[in-house]
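These notes are about the structure you will find just below.
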Amino acid sequence: MQINKIKKDMTEILSDVFDGATIMVGGFGEAGSPIELLHGLIDKGTKDLTIIANNSGNGRVGLGALIGQRQVKKVICSFARSAKGVTFQELYNKCEIELEVVPQGTLAERIRAAGSGIPGFYTATGVGTPLAEGKEEKIFNGKKYILEEALKADFAFVKAETSDRYGNLTYNKTARNFNPIMCMAADKSLVQVKNILEPNEINPEHVITPGIFVQSLINIENPIIETNAIEEGMTYP
Amino acid sequence: MININTKDLIKGWDRNTIASKIANDLPHSSYVNLGIGMPELVSQYIKEDREIIYHSENGLLGMGPSPNENEIDLDLINAGKKPVTILPGGSFCHHADSFSMIRGGHIDYCVLGAMEISVTGDLANWSTGKGIPAVGGAMDLVAGAKNVFVMTQHLTKDGKPKLVQKCTLPLTGAGVVSRIYSDYAVLDITDDGFKVIQLNEDITIEYLQSVTDGNIYQ
């Protein structure tokens with residue numbers, strides 16, 4: 001029997017996702033954002049989610065739509081203010097969604113650390129700022145650092161360009177961003193991928209995320225392009 | 001407290017002039033991160049005698065200018081989420097590697113905007129204390145880049161000094177700024193205060209001091 005991580009439909013790939021789960025959502029703005037997986041979660045109706053992502057969604061598509069459906073109780077991100085953001089802002093202003101602000105590099109490193117079995121690390125980022133409050137400080141070579149803890153998740157929702165049935169992933173340009181490290185930091189990585197190739201068709205030298213970090217795949221050949229969807233006034237559901 | 005009637009303000013350098021001064025000070029073969037907004041202008045003024053490599057923190061090293069309308073690729077964007085291009089010799093990486101370039105001290109210069117800069121080099125540029133707090137990569141850049149340049153108007157829109165004795169807004173980093181490029185002057189942060197490196201042709205040192213809340217010297 002062969003290993004095959006490719007799931008037949010959205011219901012199957014999302015079958016394990018539970019109420020109250022912590023989910024990492026890949027993407028930087030719209031580049032690399034797994035919009036179809038997020039829409040699948042809206043259809044499934046999963047609630048009380050904690051989302052770890054760089055941003056908090058645009059318009060009423062993808063993450064913006066999931067937040068708009070009130071399925072998210074907390075967002076951990078670096079930048080929750082965006083020109084096209086709507087739903088997070090609405091709930092935040094009514095104090096109906098929680099926000100943890102994390103500097104972008106600290107966010108990436110906390111995720112990377114979790115995926116690498118490192119429970120915490122010291123960093124100079126944030127020292128002397130409000131985001132250092134309550135954090136342990138330590139001096140190394142005369143310079144002050146703060147302790148940051150690893151950030152894990154139950155699931156990572158990821159968008160990739162190409163995969164084989166083992167989950168060896170490649171990405172497209174800056175759509176790579178948080179996706180590879182989120183695959184490493186989540187118990188289960190669920191990946192929507194544009195192209196599925198045979199195992200011998202991806203050059204091993206070109207694999208960015210080795211299949212060990214991926215649990216499930218779904219083929220989404222023509223994903224929604226967020227900018228166009230918002231311009232066309234798309235809302236989901 | 002200094003509060004100048006904005007009608008009485010002397011007009012300083014325009015933003016293109018400030019950008020060209022910064023471009024002139026970036027040495028050949030530097031790796032540079034330009035903040036979103038006004039600092040992006042700097043790349044337009046790099047002279048032919050040097051090559052600068054631009055880093056965008058969303059995983060792009062070797063960033064090029066904006067694409068033509070028919071060449072836009074929404075998977076190829078900058079930290080401001082605007083479409084860009086990649087130059088020959090460029091590369092992509094994931095977010096942790098991209099921030100290792102910053103946090104690991106590999107970026108030679110970053111140029112950022114500012115709300116306040118203190119006389120000891122503290123920078124506040126991420127939060128007015130109101131609305132949704134959003135920091136992005138600013139705290140990583142000021143903590144990790146070898147040189148932190150600030151590009152700013154000398155005064156706020158309502159005539160208050162941005163160069164201050166002590167920041168009142170939430171800090172991005174403490175003691176991190178090395179040089180300020182304003183519409184009135186280029187100034188270094190030193191132990192003795194703001195040191196004037198270059199003064200706008202139309203203003204005097206006395207005037208500069210009158211619009212700065214902190215010791216100025218030449």
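Read the figures in this text as sums done on the coordinates, not as results from a lab. In this text, all values refer to a predicted model and were calculated from it rather than measured experimentally. Note that each Cβ is placed from the backbone with ideal geometry, even for glycine, and that neighbours are counted across all protein chains shown.
Assorted remarks:
- Local net charge near B:Asp75, Cβ-Cβ under 14 Å (Lys/Arg +1, Asp/Glu -1): +1
- Shielding by other protein chains, B:67-74, mean Cβ within 10 Å: 2
- Net charge dipole size for region B:6-217 [Lys, Arg +1 and Asp, Glu -1 on Cβ; Debye, nearest 20]: 440 debye
- A crude spin-label estimate for the pair B:Thr17 and B:Ile4, with each label 7 Å from Cα along the Cβ direction, gives 1.4 nm.
- Semi-axes of the equivalent ellipsoid for region B:6-217, Cα gyration tensor, largest first, Å: 30, 19, 16
- Projected label distance in nm at A:Glu149 and A:Glu231, using a 7 Å step from Cα toward the beta-carbon: 4.4 nm
- Comparing B:Gly173, B:Gly193, B:Gly131 in a Gaussian network model of chain B where C-alpha atoms under 10 Å apart are linked, the largest mean-square fluctuation is found at B:Gly131.
- Förster radius 51 Å - calculated FRET efficiency between B:Asp49 and A:Met1 (Cβ-Cβ, nearest 0.05): 0.20
- Counted charge near B:Leu187, where neighbours are those whose Cβ lies closer than 11 Å (Asp, Glu -1; Lys, Arg +1): +1
- Across chain B, C-alpha contacts under 8 Å between residues 6 or more apart give a mean separation that, scaled by the residue count, equals a relative contact order of 20 percent.
- With a cut-off of 12 Å between beta carbons, the residues surrounding B:Gly104 carry a summed charge of -1, where Lys and Arg count +1 and Asp and Glu -1.
- Averaged over the residues of A:74-83, the number of partner chain Cβ atoms lying within 10 Å of the residue Cβ comes to 4.
- Remark: for residue pairs A:Lys84/A:Lys188; A:Lys47/A:Lys73; A:Lys74/A:Lys159; A:Lys152/A:Lys173; A:Lys73/A:Lys135; B:Lys47/B:Lys195, the C-alpha separation exceeds 19 Å in A:Lys84/A:Lys188; A:Lys74/A:Lys159; A:Lys152/A:Lys173; A:Lys73/A:Lys135; B:Lys47/B:Lys195.
- From helices alone, chain A scores -5500 deg cm²/dmol at 222 nm; the rule is -39500 (n - 2.57) for each run of n ≥ 4 DSSP H residues, then divide by the residue total.
- Counting only other chain Cβ atoms within 10 Å of each residue's Cβ, the peptide B:137-147 averages 6.
- Sorting B:102-112, A:126-136, A:26-36, A:222-232 by average packing, meaning the other beta carbons within 10 Å per residue, from highest down gives A:26-36, B:102-112, A:126-136, A:222-232.
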